[in-house]
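The values are calculated or read from the model by the stated rules, or taken from the named source; none is laboratory data. Keep in mind it's a predicted model, so treat the numbers as computed, not measured. Methodologically, a virtual Cβ is constructed for each residue, glycine included, from the backbone with ideal geometry; neighbour enumeration extends over all protein chains shown. Heavy atoms of the whole protein, side chains included, go into the accessibility calculation; ligands, DNA and RNA do not. Shrake-Rupley method; radii C 1.70, N 1.55, O 1.52, S 1.80 Å.
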Amino acid sequence: VCFGSGVANATRSQWERIEVDVGDTSFIAVAVHPLDPARMLAATSRTVYESTDGGRTWGERFRVPGTAAVSGLAVARAQPVILVATDRGLYGSFDGGGRWSRVFRGRDEEEAQCTVVAFHPLQGGTVLLGTRGGVFLSADYGKRWKPASLPRAARRVVHVAFHAEDPARVLLGTDERLFTGN
């Protein structure tokens, strides 16, 4: 978790619990809309909830189908796009959460196990998707995907991050190692 410039003050900051009045509160992922901080998303293993008033009230936005389980979510900066990574593919809404569809299935079981999804901080429509079978890139907000060229040892991705000073540099965390590349 990164708190930006507030990291230095984390020891003397005040924390308060956000009450989320929903059945399951075992949260897997959270996201705040980059341009509208009052709009927040929180995901349990089966459901994505949304607040548009800074966390005071919450409503169900999306329930993953079948036995899929959520592993991550991302919100686009300038478009009404929400992406939800699951162990059965990637689901997306291109209208702010009204309609949902599976936008990535993977070619095999490992690729279908999506672990993390992230929008590039500077390149609006660029998205990285980490799976147990590698990394995939999209240049159109997640509508079409292509595999990234990676060493075999870098394919079981569990986390991705963009370097703060050089966003063209990506850091990948796997089960056993850390990799960086462009």
**Request:** Among the residues of segment 31-71, count how many are without any contact (Cβ under 8 Å) to a residue 24 or more places away in the chain, part of a strand (DSSP E or B) and of a type in the set (A, V, I, L, M).
**Result:** 3
**Asked** Just checking, which of A168, A164, A153 is touching an Asp or Glu at 6+ places or on another chain (Cβ under 9 Å), outside any strand (DSSP E or B) and either under 18 Å from L73 (Cβ atoms) or free of Cβ contacts under 8 Å to residues at least 60 places away in the same chain (or both)?
**Response** A153
**Asked** For segment 138-149, how many residues meet the condition of being at pLDDT 95 or above and either open to solvent by less than 60 Å² (accessible area, probe 1.4 Å) or basic (K, R) (or both)?
**Response** 8
**Hits in segment 158-182 - residues which are at pLDDT 90 or above and open to solvent by less than 30 Å² (accessible area, probe 1.4 Å)** = V160, V170, L172, G173, T174
**Request:** May I ask you to verify whether I28 is at pLDDT below 85, open to solvent by 40 Å² or more (accessible area, probe 1.4 Å), closer than 29 Å to A78 by Cβ and of a type in the set (V, I, T)?
**Result:** no
**Message:** Anything in segment 96-109 that is open to solvent by 60 Å² or more (accessible area, probe 1.4 Å) and either over 18 Å from F136 (Cα atoms) or outside any strand (DSSP E or B) (or both)? List them, or say none.
**Reply:** R99, R105, R107, D108, E109
**Unmet criterion (only one of (1) farther than 30 Å from E60 by Cα; (2) part of a loop (DSSP other than H, G, I, E, B)) for F179** = (2)
**Message:** On the basis of being more than 30 Å from R132 (Cα to Cα), at pLDDT below 90 and open to solvent by less than 20 Å² (accessible area, probe 1.4 Å), does G55 make the cut?
**Reply:** yes
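Yes or no, residue by residue, for (1) open to solvent by 50 Å² or more (accessible area, probe 1.4 Å); (2) modelled with pLDDT of 95 or more; (3) farther than 15 Å from N182 by Cα:
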| residue | (1), (2), (3) |
| --- | --- |
| P80 | yes, no, yes |
| F94 | yes, yes, yes |
| E111 | no, yes, yes |
| P151 | yes, no, no |
| R156 | yes, no, yes |
**Prompt:** Restricting attention to segment 67-78, which residues are buried (at least 19 other Cβ atoms within 10 Å of the Cβ) and in contact with a Phe, Trp or Tyr (Cβ under 7 Å, 6 or more places away or on another chain)?
**Reply:** A74, A76
